[in-house]
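The values are calculated or read from the model by the stated rules, or taken from the named source; none is laboratory data. On a predicted model such as this, the values are computed, not experimentally measured, just so you know. Note that each Cβ is placed from the backbone with ideal geometry, even for glycine, and that neighbours are counted across all protein chains shown. The area values use the complete protein model at the heavy-atom level, side chains included, leaving out ligands, DNA and RNA. Shrake-Rupley method; radii C 1.70, N 1.55, O 1.52, S 1.80 Å.
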Amino acid sequence: MSVSPIIHESWKAALKAEFAHPYMEELKTFLVEEKKHYTIFPQGSHIFNAFNSTPFESVKVVILGQDPYHGAGQAHGLSFSVQQGIPLPPSLQNIFRELVSDIRCPYPKSGDLSHWAEQGVLLLNTLLTVREGEPYSHKERGWERFTDQVIKTLSDQREHIVFILWGAPAGKKSALIDESKHLILKAPHPSPLSSYRGFFGSKPFSRTNDYLQRYGKAPIEWSL
């Protein structure tokens, strides 16, 4: 894994002050040491994939996940997304069930959500790395502070973004968002453990497009 993963210039500019904080250097040192002893996901070139796929000025929607998938071949730096040819994780299966129900599109054949990212959907995890087979193994190392600042910077410097917050941890991030300027959509997490408590039927995809069109923005083509 590269010790200096590439990140889009627009995000470098927007987060310049954050990258200068000492905790980011500490986080980098931690990741270098982790790599010596463990397999880390996603691979180094994909750590900032969400930012490289969706430049700062292009963000229209944020879908917030937790930490990357921790199985081989799954994580590629986009929340909830898996690479081409990888079986769909249960949460993504439920996301697609809601997608089909909400906008009446065919069930997607692939779990790669890059098509969404390219249209302005920032697929952001609160943690950007994880050890293989150990969920939340990189919590409280600095990623939370970094991604909180990402959310706050978008809220402060942009207008009319839809923040899709699934599950209680994501829902708490609403405190970082100016609701007078943006739309916050909260629902239970799409995990099989919680999806039946209100995720199904929440219609995040059509509600997002309704809001974007209300403010003169092109809707997201959600079909994959």
**Request:** Could you please give the count of residues in segment 16-62 that are over 22 Å from Tyr136 (Cα atoms) and touching a His at 6+ places or on another chain (Cβ under 6 Å)?
**Result:** 2
**Prompt:** Within segment 157-177, restricting attention to residues that are exposed (fewer than 14 other Cβ atoms within 10 Å of the Cβ) and charged (D, E, K, R), which residue is nearest to Thr126 (Cα to Cα)?
**Reply:** Lys172
**Request:** Taking only segment 169-224 into account, find how many residues are of a type in the set (S, T, N, Q) and in contact with a strand residue (DSSP E or B) (Cβ under 8 Å, 6 or more places away or on another chain).
**Result:** 3
**Fill in**
Scanning segment 121-148 for residues that are closer than 29 Å to Leu224 by Cα and open to solvent by less than 40 Å² (accessible area, probe 1.4 Å) gives Val121, Leu122, Leu123, Leu124, Asn125, Thr126, Leu127, Leu128, Thr129, Val130, Thr147
**Prompt:** Within segment 88-108, is even one residue open to solvent by less than 40 Å² (accessible area, probe 1.4 Å), of a type in the set (S, T, N, Q) and in a strand (DSSP E or B)?
**Reply:** no
**Message:** Can you tell me which condition Ser191 does not meet? The list is (1) at pLDDT 95 or above; (2) surrounded by fewer than 17 Cβ atoms within 10 Å (Cβ to Cβ); (3) of a type in the set (Gly, Ala, Ser), and all the others hold.
**Reply:** (1)
**Message:** Which numbered condition in (1) closer than 24 Å to Lys217 by Cβ; (2) surrounded by fewer than 18 Cβ atoms within 10 Å (Cβ to Cβ); (3) in contact with a strand residue (DSSP E or B) (Cβ under 9 Å, 6 or more places away or on another chain) is the only one that Glu118 fails?
**Reply:** (3)
**Asked** Regarding Ser194, is this residue among the small types (Gly, Ala, Ser) and within 17 Å of Val162 (Cα to Cα)?
**Response** no
**Prompt:** List pairs: first in segment 25-41 and on the phi > 0 side of the Ramachandran plot, second open to solvent by less than 30 Å² (accessible area, probe 1.4 Å), Cβ under 6 Å, 6+ apart or cross-chain?
**Reply:** none
**Selection from segment 1-18 of residues that are exposed (fewer than 14 other Cβ atoms within 10 Å of the Cβ) and of a type outside the set (Lys, Arg)** = Ser2, Val3, Ser4, Glu9, Ala13, Ala17
